[in-house]
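*Asks:* Quick one: the structure is below, questions incoming.
The values are calculated or read from the model by the stated rules, or taken from the named source; none is laboratory data. This structure is a prediction, so every number in the text was calculated from the model and none was measured. So basically every Cβ, Gly included, is an ideal-geometry build from the backbone, and we count neighbours across all protein chains shown. For the accessible areas, the whole protein counts, side chains as well, though only heavy atoms, and no ligand, DNA or RNA atoms are used. Shrake-Rupley method; radii C 1.70, N 1.55, O 1.52, S 1.80 Å.
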Amino acid sequence: MTGWLQSIEIAAWLSAAYGIALVLAAHGIDRLAKRVHTLHDANQTTGFVYHEDHDAWLCPEDQWLWPQSFDPDNRVMRYRGKPSVCNACPIKDTCTTSDVGREMRHEVDPWPSSESARFHRGIACAVSVLAILWPLGAAFTVESGLSQLLLLVTAAPVALLSLPLWSHLRRSPVDPEGVLFRSLDENLEDRAEALEALQRRHTSYSSDRRAPTDGITPLVLGRTRYASDGRDSDTHA
């Protein structure tokens, strides 16, 4: 056994190890980008809670942010609070500088969904391709058959480890829903229909029409009393 191991060239061992190191680095890049993305989203949504049953955000002051538009290019749903409510909010200065209401986002696809996320995933995919090509290319530079076999065998698991990085391509067609190759009027019409559907949705939730149960305070939509005001009145009482 020692004899055939010694017949494998040093260059083959180094190339095989380099290919494995590259695919691990590709996964590291993707994981690091995902972690940074998650921390950034957590900082942006501090105090806000997304209610999937209402498809809306509830702010720290117990006010609702309803869906306003859908960005098909970035696959992001945008939510916004009422300007009259946000502008009168006692903590507006620490929440938003906008005079048209606080905006929140919700990505409809799993990672990687945003443009920046796909950019970092693209870097990871490029590194994974290099991880596969490196041992394959080195197989043509070594002399012994065992060295070539080692490099070819190494390329196979490296390719398998790279597949999860490419999985998002199956969920991201080149022209999703014909967005890229449709006229401006068609895209504007689709967006208007989507906004109309969203407006119908948030006014017809069964939970909004459910009768209050004993001992439970229901969520009141469109309330104008702020949580901070309620806390102040409780303190004075």
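*Asks:* Residue check: is Gly28 open to solvent by less than 80 Å² (accessible area, probe 1.4 Å) and farther than 30 Å from Val85 by Cα?
*Replies:* Here the answer is yes, as Gly28 does meet what is asked.
*Asks:* Would you say Asp53 is acidic (Asp, Glu), open to solvent by 60 Å² or more (accessible area, probe 1.4 Å) and within 26 Å of the chain's Cα centre (by Cα)?
*Replies:* Taking the combined requirement at face value, the residue satisfies it.
*Asks:* With the condition kept exactly as written, say whether any residue in segment 157-168 is at pLDDT below 70, out of contact with any helix residue (DSSP H, G or I) (no Cβ under 6 Å at 6 or more places or on another chain), exposed (fewer than 11 other Cβ atoms within 10 Å of the Cβ) and part of a helix (DSSP H, G or I).
*Replies:* No.
*Asks:* Then there's this: Quick check on Ser15: is it of a type in the set (S, T, N, Q), in a helix (DSSP H, G or I) and surrounded by 11 or more Cβ atoms within 10 Å (Cβ to Cβ)?
*Replies:* It is true that Ser15 is of a type in the set (S, T, N, Q), in a helix (DSSP H, G or I) and surrounded by 11 or more Cβ atoms within 10 Å (Cβ to Cβ).
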